Amino acid sequence: MQLTLRKLAPALVVVTLALAGCKTAPTKTSDTGATAPAAGQQSTTPATAASVDFYLAHKQPGAGLREISLPDGKLYMQEVPVLTRADLTDAAALVDRQGQNFVGLRFSEAGARKLNDVSSKNVGNMLALVIDRELVAAPLIGEPLNRGVLAFGVPSAKAASEIAAKIRGDAAVPATSTTPAAKP
């Protein structure tokens with residue numbers, strides 16, 4: 001699997017934060033489960049849904065880690081994802097009072113348990129988000145993520161909207177002006 005770095009920022013900027021109390025831009029809530037529908041039922045996963053996986057990543061090489069070259073250095077990712085699209089319930093473009101843009105992710109109950117477990121055991125490492133085999137972000141795990149949410153910074157409202165739409169499986173829509181959210 002060859003990965004490319006999405007050019008979202010001159011350097012890979014990593015941010016983690018809890019989203020409690022953050023407001024989001026209007027989005028469509030969708031069931032992103034990856035299970036096949038039963039006979040006679042329609043699939044709830046959009047046909048245009050991108051491949052979405054989360055991998056543990058490290059700053060130093062190690063056994064079982066794949067080296068990823070970045071403009072400002074290297075990243076070493078595990079081969080097997082620790083979370084997938086099936087663990088997500090929503091993705092949204094966010095903006096804080098200072099005008100910084102984020103993509104906010106909300107996890108299912110089972111996904112939140114996995115996120116808490118993975119983050120608790122890997123404080124100081126990164127959680128790399130890969131969409132359609134493209135490294136989009138690698139937020140640093142600064143503390144256990146026990147609220148079932150994750151946000152990472154992006155350079156623009158347009159980038160936040162496009163990434164969130166791709167994760168949800170929506171067609172990318174132009175970024176619109178939103179009222180800044182309360183500080184998380």
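What list of ³J(HN,Hα) values in whole Hz, one per residue of the stretch 114-121 in order, does the Karplus curve 6.51 cos²θ - 1.76 cosθ + 1.60 (θ = phi - 60°) give from phi, with Gly and Pro shown as x?
4, 4, 4, 4, 4, 5, 4, 8
Out of residues 5 or more away from VAL82 or on other chains, whose amide H comes under 5 Å of its own, with H placed 1.01 Å from N in the peptide plane?
Residues meeting the criterion, in which the H sits 1.01 Å from N, are PHE54, TYR55, LEU56.
On average, how much accessible surface per residue is there in the stretch 52-168, in Å², for a 1.4 Å probe, leaving out ligands, DNA and RNA?
42 Å²
Using modelled backbone amide H atoms (1.01 Å from N, in-plane), which distant-in-sequence or interchain residues come within less than 5 Å of ALA137's amide H?
Those lying under 5 Å, H to H, from ALA137 are LEU129.
Could you look at the stretch 52-168 and say what percent of its accessible area is carbon and sulfur, using a 1.4 Å probe and all protein chains? Mind dumping the intermediate values first?
Values: 2310 of 4950 Å².
Accessible surface attributable to carbon and sulfur in the stretch 52-168 totals 47 percent.
Could you give me the ³J(HN,Hα) list for the stretch 164-169, computed from phi with Karplus coefficients 6.51, -1.76, 1.60 and θ = phi - 60°, whole Hz, x at Gly and Pro?
So the J values, rounded to whole Hz, are 4, 5, 5, 5, 6, x.
Show me, for the stretch 72-84, the HN-Hα J-couplings you get by feeding each phi into the Karplus relation (A = 6.51, B = -1.76, C = 1.60, θ = phi - 60°), rounded to Hz, glycine and proline as x.
Per-residue couplings from phi come out as 10, x, 10, 10, 10, 9, 5, 7, 10, x, 9, 9, 9 Hz.
Relative contact order for the stretch 52-168: what is it in percent, counting Cα pairs under 8 Å that are at least 6 residues apart?
Over the stretch 52-168, the number comes to 29 percent.
The values are calculated or read from the model by the stated rules, or taken from the named source; none is laboratory data. Since this is a predicted model, take the numbers as computed values, not measurements. What goes into the accessible areas is simple: the full protein's heavy atoms, side chains included, and nothing from ligands, DNA or RNA. Shrake-Rupley method; radii C 1.70, N 1.55, O 1.52, S 1.80 Å.
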